[in-house]
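First up is the structure itself, then whatever we jot down about it.
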Amino acid sequence: MNMPKEIRRYCRKCKKHTLQKVSLYKAGKRRGSAIGERRHAEDKKGYGGQKFPKLAKPAKTTKKMTPIFTCPECKKKWNVPGIRLRKLELGCIMKKAQILIPKPGSKFQRVQCKECGEESVVYSHVSTTVACKACGNTLAEPTGSIADINGKVLGSAE
């Protein structure tokens, strides 16, 4: 799931809406001298194997992500109850990757617009409609294979 880096929400301390910064909760570093850590180490030492059996198939496949909202004016932080998600990304816009695999016999061509005379470089097997940057006239339209080029072809751009 994508989430913006800043969200406008109500701050209970300031008693007004502010543009709050979003971050994710991360567990702190475990202390080896804590009583629970020492007790667990005591139970595990010696013969006998694992204190708790290792689960063959855990019940949950995802972890709960907890967003933290920070008010920029009073610096108060608010934890929101965790959402069970596979992945939570902040400030990301997912876009489909478009990989251009050149077809045999394809090339880049210099095309001159019929209306304004502006010169542009067009791929011979375009997958989307190409318009002139100056006048907006259509220069090339996609077809099954070689594109329909509407303009004067001046030659190869290579």
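The values are calculated or read from the model by the stated rules, or taken from the named source; none is laboratory data. Because the structure is predicted, anything quoted here is derived from the model rather than measured. Using ideal geometry, Cβ is built from the backbone for each residue, glycine included, and neighbour counts are taken over all protein chains shown.
For segment 27-59, the candidate set comprises residues that are small (Gly, Ala, Ser) and surrounded by 10 or more Cβ atoms within 10 Å (Cβ to Cβ); within that set, the residue that is farthest from the chain's Cα centre (by Cα) is 41.
Please go through segment 75-85 and give me each residue that is loosely packed, with under 12 Cβ neighbours inside 10 Å and touching a Lys or Arg at 6+ places or on another chain (Cβ under 6 Å), ordered by number.
Initial filter on segment 75-85 (loosely packed, with under 12 Cβ neighbours inside 10 Å): 75, 79, 81, 84.
The answer is 84, and nothing else.
When 130, 111, 121 are checked against the criterion of being surrounded by 18 or more Cβ atoms within 10 Å (Cβ to Cβ), within 32 Å of the chain's Cα centre (by Cα) and either at pLDDT 80 or above or among the polar types (S, T, N, Q) (or both), 130 stands alone in meeting it. For segment 10-66, the set of residues classified as part of a strand (DSSP E or B), farther than 14 Å from residue 79 by Cβ and of a type in the set (Lys, Arg) consists of 16, 63, listed by residue number. So is residue 153 assigned to a strand (DSSP E or B) and more than 31 Å from the chain's Cα centre (by Cα) or not? Yes, satisfied.
So which of 70, 66, 62 ends up being surrounded by fewer than 12 Cβ atoms within 10 Å (Cβ to Cβ), at pLDDT 85 or above and either closer than 30 Å to residue 12 by Cβ or of a type in the set (Asp, Glu) (or both)? Spell out how you get there, then give the answer.
On the way: 70 fails: surrounded by fewer than 12 Cβ atoms within 10 Å (Cβ to Cβ); 66 fails: surrounded by fewer than 12 Cβ atoms within 10 Å (Cβ to Cβ).
From the options 70, 66, 62, the qualifying one is 62.
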